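K.L.:
Please see the structure below; I have some questions.
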Amino acid sequence: MMNQEEWKKIADYLESKGHTLDLSVSPAQLSGGVANFNYSILLDGKKAVLRRPPNGPLPPGANDVAREYKVLSRLYKHYPPAPAGLVFCDDESVIGVPFCISEFREGICISRNLPESLKNTANIGDDLSRLVVESLAGLHKVDLKKADLEDLGSADGFIERQVSGWYKRGSRVLTEPQLKQLATIRDWLQSHLPDNKIATLVHNDFKLDNMLIDIDTLHVNGVVDWDMCTVGDPFYELAIMLAYWGNTNDVPAYKFQCRMPMEAEGWWSREKVIEEYLRLTGLSVNEQDLKFYQWLTYYRNIVVYGQLQKLFEKTGECPAVLTEEEFNGIADNNQLLLDTIEAEVKAQ
């Protein structure tokens, strides 16, 4: 939580840039925001969101509010769910870290469980599934050149960097036996790289809990958390979303990763998601490459869950994205995922 002195410094900085931060309306910390902190503020007479990283040294590439501002200051003109970026401050003398301010969008984030207000809505799973897939396809159809975001990243070598980069991150958080297992998966991935030259914007964490939904109209009012957005492979992003998608018949190694309301009436199968995504984007992909992207995503998630465990060891707090029950089982479930993917890869 930021103190009054920090808010006064922010107000002074904004005033020097021609903006007015109204501190008679107390800034309120918003729920969510695992990596960065989000605050509702009144800027120039309108609600806005200030986003900042935690204090202290940050991992390379993490909590990148500069990247987020770059994306949001351009993307909103071409992708309506993106809030407009309003202000970026890289002067760390203000509050010790950079921060950005973006347009406020109303709506609720939906995660593993449906809100009570939607539980009796007929076929709500079908409606929500369609919203997610249409929103993802819309993002991947954005013209990089028209949005002036071609320089956000390089699609050349993107997948190769994911394979090597996640192994490097894994070496910091996994045990030696686990790292040996991860290396088996890495070696398979490196020898089965898809020949895909498609480049689109990728959000890198596209799922319902990063979307703001109007529960009365079931309209997507916003997509948030753009600090990892880059130029890359759209099928990798699709696979990340599908790992979190969930189906009631999933084996335990896959089911524990679910972050969306898979029990909702009419919730789509992964097969239907892929079919509709390909129809909407006009893209195509073969079964072998789909398997590659699936395993690459699980390979990534093994490291992500290892990172969450390390974070708990440092802070003693369960990550906000998981319930206490889910977090208590994360070590066993992550080992099960690692064992499962290693076995599947070896069977090829």
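K.L.:
Taking a cut-off of 28 Å between Cα atoms, list the lysines near residue 77, but don't count ones fewer than 8 places away on the same chain.
P.N.:
Partners within reach: 17, 46, 47, 141, 145, 146, 197, 207.
K.L.:
Still on this structure: Taking trypsin sites (Lys or Arg not before Pro) that fall in a DSSP loop and have at most 10 other Cβ atoms within 10 Å as cut points, what is the longest piece of the chain between them?
P.N.:
198-348
K.L.:
Quick one: angle between helix 287-315 and the longest Cα principal axis of the chain, in degrees between 0 and 90, rounded to 10, please.
P.N.:
Between helix and principal axis, roughly 50 degrees.
K.L.:
Let me ask another. Give me the one-decimal nm value for the distance between modelled label points at residue 248 and residue 77, 7 Å along each residue's Cα-to-Cβ direction.
P.N.:
According to this spin-label approximation, the distance is 4.7 nm.
K.L.:
Using +1 on the beta carbon of Lys and Arg, -1 on that of Asp and Glu, and nothing else charged, what's the dipole of region 87-235 about the Cα centre, debye to 20?
P.N.:
Magnitude of the dipole: close to 680 debye.
K.L.:
To continue, here is another question. Between residue 25 and residue 191, what FRET efficiency comes out of the Förster formula 1/(1 + (r/R0)^6) with R0 = 41 Å and r the beta carbon distance, rounded to 0.05?
P.N.:
With a Förster radius of 41 Å, E is 0.10.
K.L.:
Which angle between 0 and 90 degrees, to the nearest 10, do you get for helix 270-281 versus the longest principal axis of the chain when only C-alpha atoms count?
P.N.:
60
K.L.:
Calculate the spin-label point distance for residue 198 paired with residue 172, positioning each point 7 Å from the Cα along the beta-carbon direction, and give it in nanometres.
P.N.:
3.1
K.L.:
Sticking with this structure for a sec: How tilted is helix 176-190 with respect to the longest principal axis of the chain? Cα atoms for both, answer in degrees (0 to 90, nearest 10).
P.N.:
80
K.L.:
What's the extension gain from residue 346 to residue 324 if we count 0.36 nm per residue and subtract their Cα-Cα distance?
P.N.:
So the chain would gain 4.6 nm between residue 346 and residue 324.
K.L.:
Continuing with this model, one more query. How much of residue 228 can a 1.4 Å solvent probe reach, expressed as accessible area in Å² and rounded to 10?
P.N.:
90
K.L.:
With every protein chain present, what accessible area does residue 100 have (1.4 Å probe, heavy atoms only), rounded to the nearest 10 Å²?
P.N.:
In the full protein context, residue 100 sits at about 0 Å².
K.L.:
Among 193, 29, 49, whose Cα projects farthest towards the positive end of the dipole of the chain, with charges put on the beta-carbon of Lys, Arg (+1) and Asp, Glu (-1)?
P.N.:
Going by the Cα projections, it comes out as 193.
K.L.:
Same structure, new question: Go ahead and estimate [θ] at 222 nm for the chain from helices alone: -39,500 (n - 2.57) per DSSP H run with n ≥ 4, summed, over the residue count, rounded to 500. Spell out each step's value before the answer.
P.N.:
Details: 11 runs with 151 residues, N = 348.
Helix contribution divided over all residues of the chain: -14000 deg cm²/dmol.
K.L.:
Let me know the Rg and Dmax you get for region 137-194 when you use only its Cα atoms, in Å.
P.N.:
Cα only, region 137-194: 15.8, 47 Å (Rg, Dmax).
K.L.:
Could you give the dipole magnitude of the chain about its Cα centre, charging the beta-carbon of Lys and Arg +1 and that of Asp and Glu -1, in debye to the nearest 20?
P.N.:
Roughly 480 debye for the chain.
K.L.:
Let me cross-check residue 78: its accessible surface, 1.4 Å probe, with only protein heavy atoms counted, in Å² to the nearest 10?
P.N.:
80
K.L.:
Let me ask something else about it. Could you list the GluC sites (Glu not before Pro) in region 230-313 that lie in coil according to DSSP, counting only those with at most 16 other Cβ atoms within 10 Å of their Cβ?
P.N.:
On the way: sites: 237, 263, 265, 271, 275, 276, 287, 313; in loops: 263, 265.
Loop-located and lightly packed - 263, 265.
K.L.:
Using the Cα centre of region 161-289 as the reference point, and only Cβ charges (+1 on K/R, -1 on D/E), how large is the resulting charge dipole? Debye, rounded to the nearest 20. Intermediate results must be reported in sequence, preceding the final value.
P.N.:
Numbers: 13 positive and 19 negative charges, 133 e Å.
Charge dipole of region 161-289: 640 debye, to the nearest 20.
K.L.:
Kindly provide the pair-distance distribution of the chain built from C-alpha pairs, with 20 Å bins from 0 and whole-percent values in order of increasing distance.
P.N.:
Computed distribution, short to long bins: 28, 60, 12, 0.
The values are calculated or read from the model by the stated rules, or taken from the named source; none is laboratory data. Since we're looking at a predicted model, the values are computed, not measured. All Cβ positions, even for glycine, are placed from backbone atoms using ideal geometry, and neighbour counts span all protein chains on display. For the accessible areas, the whole protein counts, side chains as well, though only heavy atoms, and no ligand, DNA or RNA atoms are used. Shrake-Rupley method; radii C 1.70, N 1.55, O 1.52, S 1.80 Å.
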